[in-house]
Each structure stands twice: as structure tokens, then as C-alpha cells.
Amino acid sequence: MAALNPQVAPEDLRDRLANGVEARVPGEATIDLLRAGLIGDPYDGDNEQAQQWIGDVDWRFTCQFDWHDDGSQRHDLVAYGLDTVAALELNGRPVGSTQNAYRTYRWDVRNLLKDGGNTLVVSFTSPVREGERRQTILGYYPYDSHPFNQLRKAASSFGWDWGIDVANAGIWQPIGIDSWSGVRIAQVRPLVGVDDQGGGLLTVDVDLERAGGRGRSGTDEKARPGTQSGGIPVRVHLGGNSADAQACSCLNAGADTVRLVLRVPDVQLWWPRGYGDHPLYTVDVMAGQEGANAGSDESRPQAVWTGRVGFRTVSVDTAADEDGRPFRISVNGVPVHAHGYNWIPDDAFITRMNKDRYQRRMEDLVESNSNMVRIWGGGYYESDDLYDLADEEGVMVWQDFMFACAAYPEDPGNWSEVEAEAREQIGRLSPHPSLVVWNGSNENYTAYADWGGFKNALVDPAAVPNMYGYGERPWGDGYYSDLFPRLFAQLDPTRIYLPSSPMSFTKYTSPNKDNDGTVHIWDVWNSKGYKAYRDYRPRFADEFGYQAPPAWSTLTRVVHDSPLDPFGTQMLVHQKAIDGNIKLSRGMRSHLTPGDFYDISYGGVVNGRRSDGPHSWLIPSDRWEDIEDWHWACQLQQAQAVRFGVEYMRSLEQVNAGTASPSGSPPATSSLPLPSLYSAQGFRGLLG
Amino acid sequence: MPVTPDQLVLVMVNDTRQAWEGQWRVERHRLDGTVLADQIAQVSIPAGRQAQVVLEASVAAFGAPPRRSSWPVPTGRVLPGSSTIRLRLWTKLSDRGAGCEYRRDDQYGLASQ
């Protein structure tokens, strides 16, 4: 890995970066620099500020590898994830370019490979500079901090109110040469249904690619003994839980997709935790035949796919009632109460995630007596490991598309990338019974409707006047309300979909109205104190919460202020919320400290007069003499605040059908649970 | 216009797929455990629904701080599969429109399982 513009790096590193640093794949530039000992831990102290240059670098990754033709018809270069804007060359010749970290790219490189040594070069454009460059072309679309909304890259990698700003570049998923012949399984969508008699219905849509191209058999180009020249046989088998069913079909010439249907009598239903068991069935898909015995039962398939499914139905009730409109999820026709958490990336450097870490987090979720996790839209479509665990544990998944807290351009380039991304992710996640809700965006409706500076920034005098008589640039709703519903109708109509959350299902209503649809509650933390939860009557609160610092050992490992103080230099680097320490102090009043939430001081005089001195949101009794006491009080407050909110909403049962509080992940890596987790065991807990 | 005073309400939620029936005993006691008042409620909760019991004044009343109040204790029969009975105490405010509002008085640490 080498820097193409080392001049943006600190002077003492420039030569080293220009000459190259060992990189690991999958990986990312910052972690390679850390491994090489060239930078300190990005989470430590105020390193985050000192390392902003990393996001300004154009990084070039070079790999030399041996390759020998094994006789396959196709040799594709496959990149399962490049972050983000990159150009690829193989042996000095251009292969292609990428624009989207959330997609897989595949290029036929038969004619670029050579026997023996090969050189692959992946050159990334600085994500920070590229976002700003595109903004000058496409125009300003409202966002916070960097223009993350110009790129299909994790928004939170540019910093969030809970996380560090460490946008960088890298080959974040595996990359390699895929050699194949005849036919390749491009995607499998095994969709489940349950009939009135309890029978399972499995509809498997299989997308295939022929080595010779669309509608052509691979044998057209390179004859191989035993390969079929016409239709391609496709077989599906379902097993597990005493089931043994299969179906066969044939992909006809000119077609790319085949549908197979299996019926499974007396199927065992998949239920969320607390409502029943979570049985899973194995699905095997086999396509094509090769070898001398092609056409016989002993012949091997050319392509196989294996996955798991669970039989259940999902629906949602949003019909108007006397309280407004609910968002009540039913599984197998039974209304379920969703208890859960929001999932943000578990590490600012996603390539450090692995199955063990997903396992630990899933254990936290299960131990907190939750039955749902919402994958928040500012991060990633997560690894299959997470969804596999959710399937096994009976944890329902609410999956956001990766759009968060911003307006997004709908130009043709972005539109095609978003469509490709959505097609891939809808298909990839379609087997998982845990996935019950797809959500088009996080807070983008309420941002457009309610946040200052959004609508007016989108005014475009050159555009065709809208129903209000003025031109406006498209801001992302085309994806949420048009593109995604069409794709779900085509690819997977079995799940709940809502275009944004929060959203109300009644037109002409604020998207964040508590008694209509879903709601996010943040004014409680920002400006009211946690008793204000009871001013709401939420139908489904899928985001709310209260901040606290991380575990003491985590905090003191990365913050080195002496003496340690809530307002210390390094502490404030990690306190990502605006006025976060003031909000923590105000919230404690009348619960853990004297005073009232709305008290202010002048010159240290509580609720005094201007003549007493400078204004402060803090009052003298907000000060804790011992930082350990402050730390403990913050965590206690978080646990109590979330417990208060959840218990109150539970008392509204039937009106309220779900709560999901945030993961509370602090701006420092740690797997240590907070008191709020233990509190959740109680307030979401099981009796008897 | 008459104003309905706040009331303390025991709210029970049955998350399960089966009906629950049983008995709750709610006690008001001192920190030393002395029972000052109690109330027994027979409750039936359909699957997935909630039930409410308005606490009698003798149980709901507070003394002078420091104080500890009502501890609800389940004594009923939990039917098979009924494993998620949740219990909290909330103050019922005057009715507003079609619905009621409930406020939990956490200042005195009323909540308990």
C-alpha cells in the first residue's frame, strides 16, 4: 500500500508512505498504518484529530500473484467490497472502476491474465476529497460534517455523535479470481410462506450466469466434453427437521432466472424469542452438470449454493385506530412486542469485526432479554455472521438501507449504484427468517420535513415547479418511495417495508409524530430530562436513549487527561454529543444531584440575575469532586433513564408495540457491558 | 369542573401467546418490612394484552420520607408458556380524550418485580 499524494501526510512519514507499507486484505489503510507502527491507536487520546490526513490520501494497493489456467471457461476478478471510489488495473491494463462500498463487483479478466506472475493494482481516491468534489458537481445536499451523502460509503465513518471521524480507504472484503465453467449461480432468493393448513411453501428464485453470456451456453465458446449445450438443469433440496423435499427445473435458453417451488407439509414454524422455537431448514441449490456422466444422476453440478431458511410469515398493522396508527408487527399471525436495540458498527474499523465479536454482541442482546435488533442506516449491511446468529437465536432484524440523516442526490450515476446495491443486499439477506423489516432510510423524512436548512437547500429555480410552485432537486425520496418498493415487489415481497423511520403513515402529519407509525425520541436526552418520556405515547419507538461514558477501564485506557475531568481536552475529543457533559449534568438534577433540570446560573448563582456574572448552563452542585463518582453517576443515569422510558412505554401495551434503545456504543472500542445492560435484563426481563 | 385525582395503577403486560390468570398482592410497607396496608387483586390477562388494577388509597398513600411503598407480589398460577409477565406501578393521571396517561413515580422507587 502506498500513498499517491504523500505530501498531505506528516513530513516524517512521506517517504515511507510513498515507498509502500505492507497491507492486509481484507483490510483498510488506517489499520495497515497502525500495524506498521506508523501511527498511534486512532481511538487513543486525541489521535483522531492528528490523523485526519489519512482520509485525504489517495491509496494504491498492489498485489502480485501467480496464476495458471485450469481450463475453466471464465476467469473473473471478483471484489466483494472496495471502499470506495477505485480504479483497477491488471498487468497494467484497465479492468474497471468502483463507486460503491456496499456492492460486489465482477469483471471478466480472461484476456488480461497471463500465465505465471500477475500484478493487480487498486487505486483509491481520497474519500474526503472525492465527497467534496462531487458536491461541487452535483450541488450541496444537506448533511452533517463531511459530505458523506455524495458517496456510497458508511456515513458514520466520517464521524457521528457517538463515533470517531476516520474515513479511509481499503479492500474491506475478499478479492480474488473466480474460475468457472458452464454456469454460475449469481443469486438465490429462497422466499418462504405458510398456508392455512400449516404447510410450508418455499419459492426459490435462482439467478444464473452462463459462461458464454446472456442466453448462451458456455459451450458456444469453448467446447467441453459433457457440458450441456441447451437448457441448464437446476435442482433445489430442502432438508432438516425431518424434511426431505426437492424440486427440479431447467433454465431455458435466453433466460437468466428460474423459479422452483417446494411444499413442506406440517412445517415447523420459526418464532421470535419468547414466542416459540427457531427451527431452521437447509436449502441446497445445484445448477448445471459437468463431467463425463453429464445428464446422469451421478454427475456433479457446476455450481452450488447452500443456505438456511425458517418458515414464518410477517405482517404489520398500520390501520388507523382510536389512538392514531400503530406499527404492530405480527409473526405467523400473532402480534409480537418488539424489545430491542439499535446496532451501529461495532468498530469504526469494520474489517476488525469477526464472528467471535458478533457472537459476543448477540449474547449481550440475548442476555438483555431482547428479541429485535435494528441495523442502523449510517453503517453497513452487516456480515452474514450477524444474521445467521439472529436466525439461530430468534432475534428479529430490522434492516435499514444505508441512508442516514441527510438528503441524497438522485442523479443517474447514484441511482444506478443504489439500485445495484439494493438488488444485491435484498437478495443476499433474503434467506434469513430473522429479517422481518426493511427500512428505506434513517431520519431522512423527518430531516426533510422538520430540520432547519434542509428544504430550502434543495430549492432549484431551474427545476420544474412542484405542487407548491417552486423547483426542488430530488433528495432521496425517489429511492425510498419508488425504487425500493419496486425492487421488493420483484425480488422479495415477503417482508415489511417502510420508506423511512421515523415516519407517520398519515399524510400531512409530522413524520416523527409519536402516535402515528414509528418515532425517534431524542429531545429527552438533548433538552428535557428522562421523565419527559412520559409526555409521549409511542406506537413504536425504534430509537431513543441516553448517553453515558464507556466502562471505566475503557475510558481510562484512551483518555489521559491529568487530572481526569469531564471537560478535559482528551475527554472532550471523545465526548461527541454537542454539549454532552452539560446534558449529562442537567439530567442528573433531582435524581442524583440537587437542583432542577432547567436551573441555570449567573456567576455561580443558581437562577440568579445577569448582574451576578457570566451565564452557565451548569450550576455549582453539578460538579462531582471525584471523577469516579461522576462516571458511575452517568452510567447509573443512563440505566435508569432507559429503564424509565421502556417501562413507561410497556405500560401503554396495545398502544405501544415496540421499543429499541441504542447500543450505547462509546467512541472507544470495548466489549465491556454497561450497567444499562444489566438494567435491561430487569426491565425487559422474564419472570417465572 | 371536577378533577380526577392521580391514582397509582398496577400495570401488567402479558407478552406470551397464552392467557394468564392469577393473583397479585400489593403491599405498602416500611423500610423495615412492616406491612402498613395490602391489597389483593385477581387478574386475568389475555394473550398479548395488559391489565390494570387501580390501587386503593390505603396502599397507594405515601408517608413522610424516607419511605418505601408498594411491592407487588405474584401469587397466582402461571400457565404453561406464560413466562413474561411484566409488572410496574404507574400513577394514573386524569383521563385525556380517548386514552389515559400513566406516570410512574420513580422518585420514591416504587417499581419492583
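The values are calculated or read from the model by the stated rules, or taken from the named source; none is laboratory data. This structure is a prediction, so every number in the text was calculated from the model and none was measured. FYI the Cβ positions are ideal-geometry reconstructions off the backbone, even for glycines, and counts take in every protein chain you see. The area values use the complete protein model at the heavy-atom level, side chains included, leaving out ligands, DNA and RNA. Shrake-Rupley method; radii C 1.70, N 1.55, O 1.52, S 1.80 Å.
The C-alpha atoms of chain A define a longest principal axis, and helix A:127-138 lies at about 90 degrees to it. Rolling a 1.4 Å probe over the protein heavy atoms leaves residue A:611 with an accessible area of roughly 100 Å². Size of region B:1-60 from its Cα atoms: along the principal axes, largest to smallest, the extents are 41, 37, 16 Å.
Could you work out the local net charge near residue A:207, counting Lys and Arg as +1, Asp and Glu as -1, over the other residues with Cβ closer than 10 Å to its Cβ? Charge balance in the 10 Å sphere: 0. Look at the alpha carbon pairs under 8 Å that are at least 6 residues apart: their mean separation over the length of chain A gives a relative contact order of 12 percent. Against chain A, whose longest principal axis comes from its Cα atoms, helix A:627-650 is set at around 70 degrees.
To the nearest ten degrees, helix A:412-429 and the longest principal axis of the Cα atoms of chain A are 80 degrees apart.
Shape annotation for region A:321-476: C-alpha extents along the principal axes are 54, 47, 28 Å, from largest to smallest.
Positive end of the dipole of region A:425-582 (Cβ unit charges, origin at the Cα centre): among A:560, A:512, A:433, the Cα lying farthest that way belongs to A:433. Please compute how much accessible surface disappears when A pairs with B, both sides summed, using a 1.4 Å probe, and round it to the nearest 100 Å². When A and B are taken together, about 2500 Å² of accessible area is lost. Peptide packing for A:254-265, A:270-281, A:411-422 was compared via the average number of neighbouring C-beta atoms within 10 Å per residue; ordered from the highest value, the list is A:270-281, A:411-422, A:254-265. Each Lys and Arg Cβ is given +1 and each Asp and Glu Cβ -1; about its Cα centre, the protein assembly as shown then shows a dipole of about 1320 debye. Taking the inverse of the mean reciprocal distance over all distinct Cα pairs, the Kirkwood hydrodynamic radius of region A:1-94 comes to 15.3 Å. Other residues within the sphere of radius under 9 Å centred on the Cβ of residue A:515, judged by their own Cβ, net out at +1 (K and R +1, D and E -1). Between region A:97-153 and region A:350-364, what's the alpha-carbon centroid distance in Å? Result: 27 Å between the Cα centres. With the cut-off at 24 Å, report for region A:2-177 the share of all Cα pairs above it, as a whole percent. That tail contains 40 percent of the Cα-Cα pairs.
A Cβ-based charge dipole, computed about the Cα centre of region A:334-448 with Lys and Arg at +1 and Asp and Glu at -1, lands at about 160 debye. Per residue of A:528-536, other chain Cβ atoms within 10 Å of the residue Cβ number 2 on average.
Within the shell defined by Cβ-Cβ distances under 12 Å, the residues around residue A:28 carry a net charge of +1, with Lys and Arg each +1 and Asp and Glu each -1.
Alpha-carbon geometry of chain A: the Rg and the Dmax are 27.1, 96 Å, given in that order. Projecting each Cα onto the charge dipole of chain A (Lys/Arg +1, Asp/Glu -1 at the beta carbon, about the Cα centre), which of A:29, A:265, A:536 comes out farthest on the positive side? The Cα lying farthest towards the positive end belongs to A:265. Sequence-distant contacts, meaning Cα pairs under 8 Å at least 6 residues apart, place the relative contact order of region A:63-122 at 48 percent. Averaged over the residues of A:316-328, the number of partner chain Cβ atoms lying within 10 Å of the residue Cβ comes to 1. Peptide B:10-17 has a mean shielding of 5, counted as Cβ atoms of other protein chains within 10 Å of each residue's Cβ. Dipole orientation for the protein assembly as shown: of the candidates B:61, A:590, A:677, B:61 has the Cα lying most toward the positive pole (charges on Cβ; Lys, Arg +1; Asp, Glu -1).
Using a probe radius of 1.4 angstrom, the carbon and sulfur fraction of the accessible surface of region A:2-177 is 45%. Per residue, the accessible area of region A:2-177 comes to 41 Å² when a 1.4 Å probe rolls over the protein heavy atoms. Interface burial in region A:628-663 reaches 10 Å² or more for A:640, A:643, A:644, A:647, A:648, A:650, A:651, A:652, A:653, A:654, comparing the full protein assembly with the chain by itself; accessible area from heavy atoms with a 1.4 Å probe. Ligands, DNA and RNA aside, residue A:315 has an accessible area near 60 Å² when probed at 1.4 Å. Reported value for region A:506-591: 120 Å³ per residue, from the convex hull of its C-alpha atoms.
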